[in-house]
Amino acid sequence: MTPIRSATAAALASAVLATTLTGCQFGADEQDTSPIVIAADLELSGAAAPIGKAYQRALELKVEQLNASGALNGRKVDLRVKDNRSDASESLRNIGDFSSDSEVSAIIMGGCNECAVGAVRTINEKRIPTIALAASSAVSTPVAERRYVFKLSPNAADSAAALASEMRRKGVRKAGVLHSDDAYGREGLTALRAEFAKAGVKLLREEAVRTTDTEVGQQVKDLLAKKPDSLVVWTPAEQATLAATAAQQAKFEGELFFDAAAAGDLFLGAASRATERATLVFTQTMVIDDVIATTPAKAARRQWFQDYTARFGGYNGSSSFAADAVQLIADAELRSGGEPGEVDRDGIRDVLETTQLDGLSGPIRMTPDNHSGLMPQALTTLVARNGRWRLAG
């Protein structure tokens, strides 16, 4: 028996009913059995392939769960995936192809900030609802210019506030910052400066790394030359690991802090010694096996964690964002009020814009003024202990 089939019907129902949308009555005289077609533009090759493949696994597992649950009123989700090769031009071509297909209800885009921002004009012109898993606020703001674009990932301002709060709690006074040289990294640096000022943390130096860099040792060395008592790493997971290793080799004995973008696999593998005691701001689902499931939403997150781990032999922190994106679109399709067999993209967009969901990632709220739905309360503090991330405290 496969892991997904071993999940009880009650658990599957719980995973669906943890949302505030699924489970409503969509009374219609004629039952619609047409597929709900969701397209996905992902980084399956190139520099960002590790996270793109994690998203693909999550999308496929979530679609399988939804289709097995019977919660879609006789309908099934049909997932169509294209590789953008970690290239914004290729991503734009994929978006054009998907949006021209009248069967496609909505698009999920991966973690590439440049891809999502670069596709905004096409998405709006084609009027196709799109949920991006990229982190930059430019993906979803200004809302007036991104009516069909939504974002589902931690926000820089929220991550910076949580990091600075933890640094203040630990008595950190001096920090160096390593950040990615892209829109999200620069946004994070600005947010950190503001939060450091409130927390009484002095920023001694900052260094930038390209998202394609495979060596960050010199930047780390330059940061540590200023004698900080903490190092904040605001980069993708692979570079965060490199930074931690470089800091260890330089015999840095201060505190390591990682932004949510640095979250990758649950188990730290070869980097376990370098990251021991490091702090990460991320969602609770990453360590839900440390949490007592006292609510249906927590039970659903635990079930998701167990199903993903059983299927793939480990857990990737960002997988829950992809799964929630599928749930949001499926729910919006059911509530959009379109005629049976027809795709009502404007109706789907309108439903997405008023979404309230206690999702696998945490509380999600979209409004006409805010298309970035992950609430600050979704973030918590994790710590690396014995080769894996654990709930702090």
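One table, with the values for the structure above:
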{"quantity": "So Val220, is it at pLDDT 95 or above, under 27 Å from the mean Cα position of the chain (by Cα) and more than 28 Å from Ala378 (Cβ to Cβ)", "calculated": "yes"}
{"quantity": "Boolean, Glu215 is among the acidic types (Asp, Glu) and not in a helix (DSSP H, G or I)", "calculated": "yes"}
{"quantity": "Residue that is farthest from the chain's Cα centre (by Cα), among those in segment 73-90 that are farther than 23 Å from Gln327 by Cα and among the small types (Gly, Ala, Ser)", "calculated": "Ser89"}
{"quantity": "Residues satisfying the stated conditions in segment 94-121, i.e. open to solvent by 40 Å² or more (accessible area, probe 1.4 Å) and not in a loop (DSSP other than H, G, I, E, B)", "calculated": "Asp97, Ser100, Glu114, Val117, Gly118, Arg121"}
{"quantity": "Sole exception among (1) at pLDDT below 95; (2) open to solvent by less than 10 Å² (accessible area, probe 1.4 Å); (3) not in a helix (DSSP H, G or I) for Gln239, by number", "calculated": "(3)"}
{"quantity": "Those helices (runs of 4 or more DSSP H) lying entirely in segment 1-93 with at least 1 residues open to solvent by 60 Å² or more (accessible area, probe 1.4 Å) and modelled with pLDDT of 95 or more", "calculated": "49-69"}
{"quantity": "Only listed residue being surrounded by fewer than 19 Cβ atoms within 10 Å (Cβ to Cβ), touching a strand residue (DSSP E or B) at 6+ places or on another chain (Cβ under 6 Å) and in a strand (DSSP E or B), chosen from Leu231, Leu204", "calculated": "Leu204"}
{"quantity": "Residue ID - most open to solvent (accessible area, probe 1.4 Å), chosen from residues in segment 136-169 that are in a loop (DSSP other than H, G, I, E, B) and touching a Lys or Arg at 6+ places or on another chain (Cβ under 8 Å)", "calculated": "Arg147"}
{"quantity": "Lone qualifier among Ala270, Ala246 - being without any contact (Cβ under 8 Å) to a residue 40 or more places away in the chain, open to solvent by less than 40 Å² (accessible area, probe 1.4 Å) and part of a helix (DSSP H, G or I)", "calculated": "Ala246"}
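The values are calculated or read from the model by the stated rules, or taken from the named source; none is laboratory data. Small disclaimer: the values here were computed from a predicted structure and weren't measured. All Cβ positions, even for glycine, are placed from backbone atoms using ideal geometry, and neighbour counts span all protein chains on display. SASA here: full protein model, heavy atoms, side chains in, ligands and nucleic acids out. Shrake-Rupley method; radii C 1.70, N 1.55, O 1.52, S 1.80 Å.
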